[in-house]
Amino acid sequence: MNNWEKRIQKLLLNKKIVKVEYMSKKDAKQQGWSTQPIQIMLNDGTWLTPMQDDEGNDGGAISTTSDSLPTIPVSRY
């Protein structure tokens with residue numbers, strides 16, 4: 001396991017999702033994004049926000065293994 005995996009596991013393992021919502025239009029515009037990604041809040045107050053890339057150029061979708069929802073899409077304002 002590399003250092004990134006260790007850091008990510010420390011952040012995410014054994015946490016519970018307590019809130020899911022699309023990023024507000026206001027927050028997306030403040031980021032300079034043209035899309036509103038889904039945001040996931042964990043029980044420790046950490047928010048997870050998918051981005052297009054490591055530079056944060058726009059919000060991103062999430063791929064899943066669910067047959068009923070294979071992709072969690074972004075919302076466009």
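General observations
- Residues of the range 61-76 that turn out to be touching a strand residue (DSSP E or B) at 6+ places or on another chain (Cβ under 6 Å), assigned to a loop (DSSP other than H, G, I, E, B) and open to solvent by 40 Å² or more (accessible area, probe 1.4 Å), as a count: 1
- Boolean, residue 58 is touching a Phe, Trp or Tyr at 6+ places or on another chain (Cβ under 7 Å) and surrounded by 13 or more Cβ atoms within 10 Å (Cβ to Cβ): yes
- Residue match in the range 21-37 (condition: under 11 Å from the mean Cα position of the chain (by Cα), modelled with pLDDT of 95 or more and in a loop (DSSP other than H, G, I, E, B)): yes
- Among residues of the range 26-53 that are open to solvent by 60 Å² or more (accessible area, probe 1.4 Å), those with a beta-carbon under 8 Å from a residue that is part of a strand (DSSP E or B) and basic (Lys, Arg) at least six positions away or on a different chain give the pairs 34/76.
The values are calculated or read from the model by the stated rules, or taken from the named source; none is laboratory data. All figures in this text were calculated on a predicted structure; none of them were measured in a lab. Every residue, glycine among them, receives a Cβ derived from its backbone with ideal geometry; neighbour counts consider all protein chains shown. Side chains included, ligands, DNA and RNA excluded: accessible areas come from the protein's heavy atoms. Shrake-Rupley method; radii C 1.70, N 1.55, O 1.52, S 1.80 Å.
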